[in-house]
Amino acid sequence: MFKPARMVHVEILLSKNRLLSVAEYLGQKGTLHLTRSSSRGGTSPAASREDFRALDAYRKLSARLTKLMNFFDIEPAKERPSDREHTHVSRDAEKYDQEVERLEHEAEDIEAALALLTEENSRLATLQEQIEPIEFLDANLTMLHEFKHMASFLGTLPTDILPRLRKGLSGYNAIIIPLKSIDKSTVIMAFAASAHEEVLKYALRSAFFKEIVIPERLRGTPRKILQTIKVIAGENAEGIEVLTQERIILAEKRQSRIFELWYQIEDNRRTFEVIGLFLKTREAYLVTGWLPERVLHEFEKDVDSMTDNRALITYSVPREEDTFVPTCLENPPLVSAFETLTETYGVPTYEERDPTIFLAISSLVMFGAMFADVGHGLILSAIGVLVWYFIDRTNKSARHLCLVITLFGASATIFGLLFGSIFGMENLFQPLWLSPMHSIMPLFKYSCAFGAALVILGLLLNLQNLLSKGLFNQAICDKFGIAGLWFYIVFLWFGLTLMEKGMAGVTMTHKVLLTIPLLLIGSRGLIAKALGDEHHGKESVVAHLIDGSVEILETFLTYFSNTLSFVRIGAFALCHAGLSHTVYVIAGDVAGGGIIGFIIIVLGNLFIVLFEGLIVSIQTMRLEYYEFFSKFFRSGGVPYRPFALVRGAKR
């Protein structure tokens, strides 16, 4: 819970004829985080030609099935249902190809007819837009192309080019008739003798002319053509509706089988993709990856049983040069919901402490204190439960977030009892601890005290990380090491003395105890240089003195601002109480009570739950990330992502 799960590096050497059954087992079990066989030395992976052919076949099948699902407007769940058929991994994709082809044949007639009608309606809509401006024209447009000795064209061109076009055609007995201007374009009719048709065409092209092409079946005046377009478009729309219903019926009939095919094809595709990570000889494969130590015995037993004890399994603990050991976080169910918030900041490295348990406890306390209200907390918890119930069960991150919201609401409810508030009313029962509006200074003191405790915890965790890595100079002299911890504790003592007794209470002991850790922090670079550190040895003494001075100033400002930041816990508790009181003042004094006042109370409380709940959540995570995590959490780890084809595998 406080550290990621212990991992072991596993290597499995197995014969070619056992490869698919072992790969299938790995996907079903979902515990081995696969790595390239060359990641710990050795030769780069090289899959066989038949494996590449199988992968290519399944990729093409996946693309075809995706296209089919897009046509039916259906989408499978992201993770496989637990009751689905078991996938048997095979290099032979022919059986899937035949079934996908049958499904495509069933859909292609509907697809082609829909495409035809949709495309025709699109063309008709474009033509309608072109014809509508000249609806007033009482002329048979279909006769334009029936003149024997005259070339004629109907279309649009930019209005500012029209004068130049007329001037350019002045010597060719061409006639340009503007019909109507629309924005910056003009609908025109252009006529010329047949002998000058090519000249007219060239001139119109040069003028960015867009011809309005009227199909043969649309004959008559513009008004008549528009009426015909509406009739044809209506008939097409009815046809599209009928075909759409046929598509929906066919989708409902074939959906379950399409999804099952999708899962099986995707399982095979993903399996052959990971087979490409394995090192291969003529008759054997080498599978490598990381596995939680707790499942090693069961894993060995299963692989031995599957291969008739003919697989060679070796394993080893992480070595110093293993920089990419995956991090598998292991926490109790309620705490694991907060792993999403931890991973938003970053994934812990394998050697680091897992901060999730500390984040869970501290964020619940901070959110509860800032959002303290029995009624608002219960509503927030109810929202979390309802969303959790209706959300897609395969969306684990969203479900974890819903659980966090529920727990935040429960914490706000508990603090509501401690602060004596229910829906912003503080006169219904006595607070079990204190009333924010009547105990402002104690509230701020408790907020800073909690913040100081959290900062000290972060420093202790950082100290443990540094010592475990053997970074003793940094552990002693760093602003977040022993010197920083020493300074911060004395700084808190100094601050309390000032608050209680003023400068008269400050003694030489305070000054000496504050100075010593600051000198250690400021001289860290010089100490490292004296000890022969290569990185710090390149800099001059003057540079180290300047860096040390800046570090001392930064240390003071950092700890002062960190502690002061936690005042916002008390400030938001007051803001919550004040905002709730404001809602009742508006409902009573301004609206005069009654139905309107009741509506204002309901809407006001809903606004507080949603809007202030969001603001308080942001402030909670800001304190976690910037004031707590920044002391010890370096992140940069590799998330544990085992190869898994089934639902429920540890991710």
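The values are calculated or read from the model by the stated rules, or taken from the named source; none is laboratory data. Because the structure is a prediction, the values reported are computed rather than measured. Using ideal geometry, Cβ is built from the backbone for each residue, glycine included, and neighbour counts are taken over all protein chains shown. The protein model used for the area step is the full one, side chains on, heavy atoms only, and it has no ligands, DNA or RNA in it. Shrake-Rupley method; radii C 1.70, N 1.55, O 1.52, S 1.80 Å.
Does Thr281 meet the test of being polar (S, T, N, Q), closer than 30 Å to Phe52 by Cβ and at pLDDT below 90? In short, yes.
Any chance region 424-433 includes a residue that's of a type in the set (Gly, Ala, Ser) and without any contact (Cβ under 8 Å) to a residue 60 or more places away in the chain? No, region 424-433 contains no residue that is of a type in the set (Gly, Ala, Ser) and without any contact (Cβ under 8 Å) to a residue 60 or more places away in the chain.
As a summary of the residue check, Tyr315 satisfies the conditions (1) without any contact (Cβ under 8 Å) to a residue 24 or more places away in the chain; (2) surrounded by fewer than 17 Cβ atoms within 10 Å (Cβ to Cβ); (3) among the hydroxyl-bearing types (Ser, Thr, Tyr) except for the one numbered (1). Within region 213-222, at least one residue is open to solvent by less than 70 Å² (accessible area, probe 1.4 Å), in a helix (DSSP H, G or I) and within 17 Å of Thr126 (Cβ to Cβ). Of Pro215, Pro292, all but one fail to be modelled with pLDDT of 90 or more and farther than 25 Å from His105 by Cβ; the exception is Pro292. Quick one: would you say Ala125 is closer than 18 Å to Val187 by Cβ, loosely packed, with under 15 Cβ neighbours inside 10 Å and at pLDDT 90 or above? Spelling it out, Ala125 is indeed closer than 18 Å to Val187 by Cβ, loosely packed, with under 15 Cβ neighbours inside 10 Å and at pLDDT 90 or above. Contact map, region 597-622: first residue over 19 Å from Ala369 (Cα atoms) and part of a helix (DSSP H, G or I), second residue hydrophobic (A, V, I, L, M, F, W, C) and open to solvent by 70 Å² or more (accessible area, probe 1.4 Å), Cβ cut-off under 6 Å, separation 6 or more or different chains; pairs are Ile600/Ile586. Scanning region 148-189 for residues that are small (Gly, Ala, Ser) and touching a Ser or Thr at 6+ places or on another chain (Cβ under 7 Å) gives Ala151, Ser181, Ser185.
Just one residue in the set Ala203, Ala190, Ala207, Ala151 is in contact (Cβ under 8 Å) with a residue 12 or more places away in the chain, buried (at least 16 other Cβ atoms within 10 Å of the Cβ) and touching a His at 6+ places or on another chain (Cβ under 9 Å); that residue is Ala151. Taking the options His581, His576, His544, name whichever one is open to solvent by less than 70 Å² (accessible area, probe 1.4 Å), out of contact with any strand residue (DSSP E or B) (no Cβ under 7 Å at 6 or more places or on another chain) and within 30 Å of Met425 (Cβ to Cβ). One residue alone meets the criteria, His576. Screening the candidates Thr406, Thr349, Thr394 for the property of being more than 24 Å from Ser565 (Cβ to Cβ), in contact with a strand residue (DSSP E or B) (Cβ under 8 Å, 6 or more places away or on another chain) and of a type outside the set (Gly, Ala, Ser) yields one hit, Thr349. Going by what's in this entry, would Arg254 be described as over 49 Å from the mean Cα position of the chain (by Cα), in contact (Cβ under 8 Å) with a residue 60 or more places away in the chain and part of a helix (DSSP H, G or I)? Taking the combined requirement at face value, the residue does not satisfy it.
Assessment of region 429-447 against the conditions (within 30 Å of Arg353 (Cα to Cα) and not polar (S, T, N, Q)) yields at least one matching residue.
Going through (1) farther than 30 Å from Phe71 by Cα; (2) modelled with pLDDT of 90 or more; (3) open to solvent by less than 20 Å² (accessible area, probe 1.4 Å) one by one, Leu286 falls short only on (3). Can you pull out every residue in region 278-329 that is of a type in the set (Phe, Trp, Tyr), assigned to a loop (DSSP other than H, G, I, E, B) and over 13 Å from Leu13 (Cα atoms)? Selection gives Phe324 alone.
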